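**Q** First the structure, then my questions, so here it is.
The values are calculated or read from the model by the stated rules, or taken from the named source; none is laboratory data. Not measured: the values here are computed from a predicted model. Here the Cβ positions follow ideal geometry from the backbone for every residue, glycine too, while neighbour counts run over all protein chains shown. Only protein heavy atoms, including side chains, enter the accessible area calculation; ligands, DNA and RNA are left aside. Shrake-Rupley method; radii C 1.70, N 1.55, O 1.52, S 1.80 Å.
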Amino acid sequence: MSTLLLVGVVGFFAQFVDGALGMGYGATSSSLLLTLGLTPALASASVHLAELGTNVASGVSHWRLGNVDRRLVLRLGVPGAVGAFLGATLLVHLSTAAAAPVMAGVLLVLGVYVLARFALRPPPVASARVSPHRSRFLVPLGFVGGFVDATGGGGWGPVSTTTLLSAGRTAPRTVVGSVDTSEFLVTAAASVAFLVGLGTSGIHFGYVLVLLGGGLVAAPAAAWLVSRLPAPVLGTGVGGLIVVTNLRTLLEAAGASVDVRQVAYLVVAATWASLVTAAAMRQQVTGHPEPRRAGPRQDHPKAANGQPVAS
């Protein structure tokens, strides 16, 4: 019972982070299931099955709050589903442990870039609510993100959200909401591939249901949070999360001692907290919150000479 409660808490926390920052559910949940003794394939399969429900809840919540770009969801999610199916099929037969440090290094560099971009010099067009990216950019991005997500038990958010935020052409709340919504297609494709390759043998459905329950509770609150946070604060939070998540993988791969890892985590966490605080304080000083969802256009009344009437 204590283990199930722990899994439920992790499911809540993982979905809250994922719904607010567009990443973190798979990496957090898979890490816990691996410590409980599940193989990488079974851990990833369990997480993806639980995500089927949390993705629906998170996507609906983001949609209702105006955080979703429908074209971005389809252009990113469909190729992501193809990549996820292939990645899950590969993971059933092949270990990807050797590729983990390389991918973590790439994500760490992108995370530092996003962190610095939003903390020190927020993108001037970060309030755009419709993504200007075309299919030739989104299709390979979605494919790679889906493949990494299935083989690593998580990674759709770090790959897709990181890349879109680093481009600095779309509002963070739209990026997070659209990536979270498109993740359902990725999760469904990976789940089908895992069930075909593994069957149901070894999948702990108790863990799946508890992860799902915790995530369903957290999804609406996370979607509400991302619609209220200003872009610099949210972008700084995303960048720091990417750095912290992938730093752990790199340090373990390098064989760093426990003491070295703890010092590194404390330094990075303190720096991250300072940058988030500075971004929040700067937002209060400037007083320019991120614009909310636009309502219907309202034309100003005009006088007889055709000039707008001052209100």
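**Q** Conditions: (1) part of a helix (DSSP H, G or I); (2) under 23 Å from LEU21 (Cα atoms); (3) open to solvent by 50 Å² or more (accessible area, probe 1.4 Å). GLU252 meets all but one. Number of the miss?
**A** Of (1) part of a helix (DSSP H, G or I); (2) under 23 Å from LEU21 (Cα atoms); (3) open to solvent by 50 Å² or more (accessible area, probe 1.4 Å), only one is false for GLU252: (2).
**Q** Out of all the residues in region 160-193, which are over 17 Å from GLY59 (Cα atoms), open to solvent by 10 Å² or more (accessible area, probe 1.4 Å) and not basic (Lys, Arg)?
**A** THR163, SER166, ALA167, VAL192
**Q** Also: Do we have GLY11 as at pLDDT below 90, crowded, with 22+ Cβ neighbours inside 10 Å and among the small types (Gly, Ala, Ser) here?
**A** Yes.
**Q** Any idea which of THR54, THR3, THR35 is in contact (Cβ under 8 Å) with a residue 24 or more places away in the chain, of a type in the set (S, T, N, Q) and surrounded by fewer than 24 Cβ atoms within 10 Å (Cβ to Cβ)?
**A** When all the criteria are applied, what remains is THR3.
**Q** Out of region 255-275, which residues are open to solvent by less than 40 Å² (accessible area, probe 1.4 Å) and part of a helix (DSSP H, G or I)?
**A** Across region 255-275, the qualifying residues are ALA264, VAL268.
**Q** Among the numbered criteria (1) under 18 Å from VAL10 (Cβ atoms); (2) open to solvent by less than 30 Å² (accessible area, probe 1.4 Å), which single criterion is violated by VAL233?
**A** Single failed check for VAL233: (1).
**Q** Check whether at least one residue in region 73-93 is at pLDDT below 85 and buried (at least 22 other Cβ atoms within 10 Å of the Cβ), and report yes or no.
**A** The answer is yes; a qualifying residue exists.
**Q** Being crowded, with 24+ Cβ neighbours inside 10 Å, over 26 Å from VAL114 (Cα atoms) and modelled with pLDDT of 80 or more is true for just one of SER29, SER44. Which residue is that?
**A** The conditions single out SER44.
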